[in-house]
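**Student:** Below is the structure I would like to discuss, written out as structure tokens.
What follows draws every value from the coordinates through simple rules; no lab data is involved. It should be emphasised that the depicted structure is a prediction, and the values quoted were computed from it without experimental measurement. Every residue, glycine as well, gets a Cβ built from its backbone with ideal geometry; the counts of neighbours run over all protein chains shown.
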Amino acid sequence: MFALNVFGVPDDKPPPQDEWCDEQGALAIAERIKAYWAKRGFHVETRVIYQPFSHGMRSGRYDVRSDLMNALPRRPLPPQSEAA
């Protein structure tokens with residue numbers, strides 16, 4: 001059995017997508033971050049921001065921003081009310 005990498009696939013397989021700096025890839029990363037922390041009982045805000053052309057990168061890109069602090073969530077999910 002192989003350990004899973006950050007993409008959720010075994011380390012011996014390539015990541016499911018090659019381009020993570022386009023809009024579709026950035027949205028996928030944002031959703032993965034939210035799902036990862038929600039599964040562990042935390043609420044994380046994410047957003048995708050377009051960064052226009054920069055001379056250093058020689059292209060535009062999409063960035064993922066979140067409210068994580070030092071790579072950890074700030075608050076737990078609100079408690080679920082139990083339906084009778």
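**Student:** Please give me the summed charge of the neighbours of Pro76: other residues whose Cβ is under 15 Å from its Cβ, Lys and Arg +1, Asp and Glu -1.
**Tutor:** +3
**Student:** If you don't mind, another one. Output needed for the range 23-72: three equivalent-ellipsoid semi-axes, defined as square roots of 5 times the C-alpha gyration tensor eigenvalues, in descending order, whole Å.
**Tutor:** Equivalent-ellipsoid dimensions as semi-axes: 25, 11, 7 Å.
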